[in-house]
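Data first, discussion second: the structure below is written as structure tokens.
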Amino acid sequence: MAFFSVLSSIVGQALIFLLVLLFVAFLGYCLYIKHIHMKYDHIPGPPRDSFFLGHTPTFVRTMKNGGVIHDKFLEWAETYGPVYRINALHYGLLCVTCPEATKEILMSPKYPKDKFLYKRLFNLFGQRFLGNGLVTAQNHELWYKQRRIMDPAFSSLYLRGLMGTFNERAEKLMDKLTDVADRELEANMLHLVNCVTLDVIAKVAFGVSLDLLTNTSPFPKAIETCLKGMVHYIRDTLFAFNPKNRAFINEVRESCRLLRSTGAQWINDRKTAMHNGDDVPKDILTQIIKTAGKEESMTKEDEELMLDNFVTFFIAGQETTANQLAFCIMELARHPDILEKVKKEVDDVIGMKQEISYDDLGKLTYLSQVLKETLRVYPTAPGTSREVPQDIVIDGIHVPAGFTAFFSSYVSGRMDKFFKDPMTFDPDRFHPDAPKPYYCYYPFALGPRACLGKNFAQMEAKVVMAKLLQRFDFTLLPGQTFDILDTGTLRPKSGVVCYVRHRKYKT
């Protein structure tokens, strides 16, 4: 009995000691949050929902109501000015629309991508997602090594050589739309352009033919699930702790595993071909393998890094371009005058020929304006962020070091002080003779960490749009909304369902 009494006393004391430690840790955390608040509360910003969660409850409410969080950022920018603060736990985030600060921070390599966001993209709910790939790498040397090796796969010479694949895959969409028009069916344009852009990236980047317009595949669903999971993982601090979300979280993890296991198989097949001395294309997959150096001496982390870049390009290479195309079709259908003008340009440049050349793309200046204006109103990858490790002055406000600066092209693109009547769709804003926007338009980000695939994406978008405008008329199915679905990237909520008809040419 004495033994159990002593043991009970020891356990009791240990529990008390543990509770004291937890209390001290909790108190210390509270003091640290208070310190962060005091450090940045001289900067304007909306009232916090709570001391601990900061503005996170606002984000969660917005998501649950089907809203776009960037609309809230826009509202706050209009209310609180070109720099304002928001909080989540002990993290402080400054939202910046000041062009001078945008130029200073995004154009310089001395401001790294922020740890909070890009560490969250490393994995989703414990399953590795984008890891340390080209988009998420925070270490400059690691990023620069990858970027230097990837550059040849995005050179203008290499991109010229992709025109055949762009044309071929876009033709498959035209065949599908011909069948839709002949049978007088409705066409979900977002779904169709998603199939095309995923076909393109699989073929030109990884040498794989998916043919999604005729075949089924788990990849579109897996990508969509990962993106939805990403939004919850980043914006809802408590999402993973809610038992009701476990089924969805498991689905997200499984989707991540599917993408990475597929990548492992495709990489292994290419490495085997390279080892056997077979001719292989100088595509993204080949460049991904080169990032790991000699195949014989690869570490486990080298293997994972290759998969990081596979997933990065597989998602980034199709999702945002597909959404841009869908938004573009939606806006052209809403503006018959702009539609007629861009169709006339396509007729003048392309005529009736089926194969669009690289030189043709340079002559489609008004179509370029339409695509740029689409990204102004609907930047499909709407924001980016950087760590600022030193004191800085933004619009006359002294900001202490150690904060994260967030930039939203969605917010800047919809502000009247940068674009007159910002909700009016007007491609002439991007006329070659019009003044260029001063660091308030950056749908592909800016500076050294700007999107490597920008030219790739816009070439692909031009080819698809030119062929569509050349051959078909389209009108929106009545009753659709023009709302935006925020899944990290932005996409049309309605799917852009259209009636499609063959164009009738005057003889």
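Let me know the charge dipole size of the chain about its Cα centre in debye, to the nearest 20, where only the beta-carbon of Lys, Arg (+1) and Asp, Glu (-1) is charged. If you can, show how the numbers build up before the last one.
On the way: 62 positive and 57 negative charges, 138 e Å.
Magnitude of the dipole: close to 660 debye.
Considering the options LEU53, PRO382, GLY453, tell which one lies farthest towards the positive end of the dipole of the stretch 22-502, charges being +1 on Lys and Arg and -1 on Asp and Glu at the Cβ, about the Cα centre.
The residue sitting farthest along the positive end of the dipole is LEU53.
Within the set LYS176/LYS462; LYS172/LYS203; LYS344/LYS462; LYS72/LYS103; LYS119/LYS454; LYS110/LYS300, which residue pairs have Cα atoms separated by over 20 Å?
Where the Cα-Cα span goes over 20 Å, the pairs concerned are LYS72/LYS103; LYS119/LYS454; LYS110/LYS300.
Amide H of ILE394: which non-local residues (sequence gap of 5 or more, or other chain) have their own amide H closer than 5 Å, using H built in the peptide plane?
VAL399
Name the lysines eligible as straight-distance cross-link partners of LYS244: C-alpha to C-alpha under 18 Å, and not fewer than 8 places from it in the same chain.
In chain and number order, the partners are LYS64, LYS228.
Once label points are set 7 Å from the Cα along Cα→Cβ at both GLU304 and LYS344, what is their separation, rounded to one decimal in nm?
Taking the two extended label points, one gets 5.8 nm.
Using Cα-Cα distances under 8 Å and only pairs 6 or more residues apart, what relative contact order does the chain have, in percent?
Here the relative contact order equals 22 percent.
Over the stretch 398-486, what is the relative contact order in percent, taking alpha-carbon pairs closer than 8 angstrom and at least six residues apart?
18 percent
At 0.36 nm per residue, minus the direct Cα-Cα distance, what do LYS115 and ASP278 gain on full extension? Give it in nm, one decimal, please.
Gain in length upon complete extension: 54.6 nm.
Can you tell me the length gained on complete extension of the stretch ASP41 to THR79, counting 0.36 nm per residue apart and subtracting the Cα distance?
Using 0.36 nm per residue and subtracting the Cα-Cα distance, I get 12.1 nm.
So what is Rg over Rh here for the chain, counting just Cα atoms and using Kirkwood for Rh? If you can, show how the numbers build up before the last one.
Numbers: Rg = 25.2 Å, Rh = 24.8 Å.
Taking Rh as the inverse mean 1/r over Cα pairs, Rg/Rh reads 1.01.
What do you get for trypsin sites (Lys or Arg not before Pro) in the stretch 378-453 restricted to DSSP loop and a cutoff of at most 14 other Cβ within 10 Å of the site's Cβ?
In loop regions of the stretch 378-453 (DSSP not H, G, I, E or B), the sparsely surrounded trypsin sites (Lys or Arg not before Pro) are LYS417, LYS420.
Summing -39500 (n - 2.57) over the DSSP H runs of n ≥ 4 in the chain and dividing by its residue number, what mean residue ellipticity at 222 nm do you reach, to the nearest 500 deg cm²/dmol?
-17500 deg cm²/dmol
What residues qualify as long-range amide H neighbours of PHE403, i.e. H under 5 Å apart, gap of 5 or more or another chain, H built at 1.01 Å from N?
Residues meeting the amide H criterion: VAL388.
I'd like the Karplus ³J(HN,Hα) series for the stretch 65-76: coefficients 6.51, -1.76, 1.60, θ = phi - 60°, whole numbers in Hz, and an x wherever there's a Gly or Pro.
Once θ is set to phi - 60°, the couplings for the stretch 65-76 become 8, x, x, 10, 4, 5, 5, 5, 4, 5, 4, 5 Hz.
Tell me which residues come under 5 Å, amide H to amide H, from PHE419 once H is placed; ignore anything under 5 positions away on its chain.
HN-HN under 5 Å from PHE419: empty list.
Hey, what angle do you get for helix 2-40 against the long axis of the chain, alpha-carbon based, 0 to 90 degrees rounded to 10?
Orientation of helix 2-40: about 50 degrees from the principal axis.
For the stretch 167-233 and the stretch 443-507, compute the distance between their C-alpha centroids and round to whole Å.
13 Å
Need the C-alpha centroid separation for the stretch 242-279 versus the stretch 309-328, integer Å.
Answer, in whole Å: 18.
Taken together, the values in this text are just the output of simple stated rules run on the coordinates, not laboratory data. Since we're looking at a predicted model, the values are computed, not measured. For neighbour counting, all protein chains shown are included, and Cβ atoms are generated from backbone atoms with ideal geometry for every residue, glycine included.
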